[in-house]
Amino acid sequence: LALQFRPALPVMVVHLLEGHMVGGLRQRQIIGQREKLLALGTITAGLTHQLNNPAAAIGRDVANLRENVGKMRHKLAMLADGQFTPEALRVLVRIQEEVAEQVAKSKAQELTALETSDREDQVGDWLDDHGIAGGWDYAPTFVEAGLDTEWIESVEAYVDAVDCSATLQSAIGWLKYTIDTELSVNRISEASRRISALLAGTKQYSQMDRAPYQSADIHELLRSTLMMFGEKFGKDGPIRVVKEFDKSIPELLWYPGDLNQVWTNIIDNAIQAMNGRGTLTVRTARENDGMVRVEICDDGPGIPAEIVDRIFTPFFTTKPFGEGTGLGLDLAWRIVAEKHQGNLRVESRPGDTRFIVLLPM
């Protein structure tokens, strides 16, 4: 009986091995897709928050513009009633043009909170001393537009020098409406630009409508990934980002969407290691004329020596049960090592943890 079944044994072994190999491949594909979906959820939440801020700013400034336009209509009624002479109107229009230019220049001026407060006090005192009704309400707007007491004094001198029916109070009122309108337009423009930049960065990050293997700038991939983390890396965010890019690295052939997944996983781990506060350094360089070196460094407490050799192991995690998946760094390693024939390693000590990605040129 044993002799009758012996010829079938090799065939069964082959089937078992094939099944094991195919099952393993499918399991890895499912794990990779699951990790991408988890990262997509995190990025989507951050992107939604980022888009909400400029959208809300546009809504506020549109309401301000509507109010200012209503006030301007009131001014037109005053003109129709002859309350301003043609000469006075020319004076006011000239003041409007000058203040509009000043608002445009004020973009380059950046004051500290203390400097802003001091200047508001100076402007408010000046307006109050000259009998301007609502002067303290005007002061923050004037300071935001880059005006100071010297500029307002020049307006007073110009109004006094011209024999017209315009008064300093009316000139200051026209200034206020003009500044409010210009600042609202500037903020709407900036918010619209921010939304466009976020959408462009999202498209670059996701590599929509592009072939999976293509020529790309490694620095653009890194920038688009950093943008996806939003206000954590903003000007006033809790994490400071230092970029040290070797601009001599040309565009090369990669799988850009997959590399963005690598940067996302490493940066997300760095943020968690720093507890959301610290300095993140992203560095690129050439190595041995045949490799591109990308370093993502954080100043967190470092990876304990007893686990540093295990962090790229599938399902390994240091997070409590129910938090995280333990898939991110394993996925990153497979994208770099298997898909790009590169290398991914980590060097860690307290205050300096570096994930080093080497990609062939």
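Here the calculated FRET efficiency for Glu156 and Asp118, from their Cβ-Cβ distance with R0 = 22 Å, stands at 0.55, rounded to the nearest 0.05.
At 0.36 nm per residue, minus the direct Cα-Cα distance, what do Leu168 and Met291 gain on full extension? Give it in nm, one decimal, please. Value of the extension gain: 37.5 nm.
When peptides 172-178, 219-225 are sorted by average Cβ neighbour count within 10 Å, with the highest value leading, the order is 172-178, 219-225. Candidate cross-link partners of Lys71 among the aspartates and glutamates, defined by an alpha-carbon separation under 17 Å and a same-chain spacing of 8 or more, comprise Asp61, Asp81, Asp137, Asp180, Glu182.
Full extension of the chain segment joining Arg193 with Phe245 gains 16.2 nm, where the gain is 0.36 nm per residue of separation less the Cα-Cα distance.
Protection proxy ranking, highest mean first, for peptides 141-152, 271-282: 141-152, 271-282, where packing is the per-residue count of other beta-carbon atoms within 10 Å, averaged. Between Arg345 and Leu76, the simple spin-label model (points 7 angstrom out along Cα→Cβ) gives 7.3 nm.
When the solvent-accessible area of segment 126-191 is split by element, carbon and sulfur atoms take up 47 percent of it, the probe being 1.4 Å.
Available extension along the chain between His130 and Val185 is 16.8 nm, counting 0.36 nm per residue and deducting the alpha carbon span.
Rolling a 1.4 Å probe over the protein heavy atoms leaves Leu16 with an accessible area of roughly 130 Å².
The values are calculated or read from the model by the stated rules, or taken from the named source; none is laboratory data. Small disclaimer: the values here were computed from a predicted structure and weren't measured. All Cβ positions, glycine included, derive from the backbone under ideal geometry; neighbour counts span all protein chains shown. SASA here: full protein model, heavy atoms, side chains in, ligands and nucleic acids out. Shrake-Rupley method; radii C 1.70, N 1.55, O 1.52, S 1.80 Å.
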